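The values are calculated or read from the model by the stated rules, or taken from the named source; none is laboratory data. Computed from a predicted structure; not experimentally measured. Neighbour counts run over all protein chains shown; Cβ positions are idealised from the backbone, glycine included.
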Amino acid sequence: MRSRLERETVILFNDAEPDAIITTSSPRIINLLHKRGYHPLPDWPGHSPKNNERFILPKRRVSLRSRAKTTRTPTRPITKKTSLPETPPTVA
């Protein structure tokens, strides 16, 4: 079993080709791709079944999402209180 540091995933694609190549040694990513119906390439140079797998996906299926923007909520309640006059002002 590889260490967590060695379980890397590399995604390669360019503007000219319609497919992306994903090379990964992460069991979580491999299982995810298998569940979604993708099969690894059978053999390629430097391939070792124990170490990593390589998949070809349509580029439109690869999503690089940024983190969702979160709204900041105050960490402590606002303590400043405003006092209202007890009687409404009279209008002349």
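Quick one: is residue 16 surrounded by fewer than 15 Cβ atoms within 10 Å (Cβ to Cβ), at pLDDT 90 or above and not hydroxyl-bearing (Ser, Thr, Tyr)? Criteria met by residue 16. Of the residues making up region 1-15, those that are within 11 Å of residue 62 (Cβ to Cβ) and either in a loop (DSSP other than H, G, I, E, B) or touching a residue at least 12 places away in the same chain (Cβ under 8 Å) (or both) are 11, 13.
Restricting attention to region 49-74 and to residues that are of a type outside the set (D, E, K, R) and within 13 Å of the chain's Cα centre (by Cα), the residue that is modelled with the highest pLDDT turns out to be 62. Each residue in region 1-30 was checked for being polar (S, T, N, Q) and either in contact with a Leu (Cβ under 6 Å, 6 or more places away or on another chain) or more than 11 Å from residue 53 (Cα to Cα) (or both), and 2 pass. If the condition is being modelled with pLDDT under 90 and either among the charged types (D, E, K, R) or at positive phi (or both), then region 29-48 contributes 43, 46. For region 16-32, taking the residues that are part of a strand (DSSP E or B) and touching a residue at least 40 places away in the same chain (Cβ under 8 Å), the one that is farthest from the chain's Cα centre (by Cα) is identified as 19.
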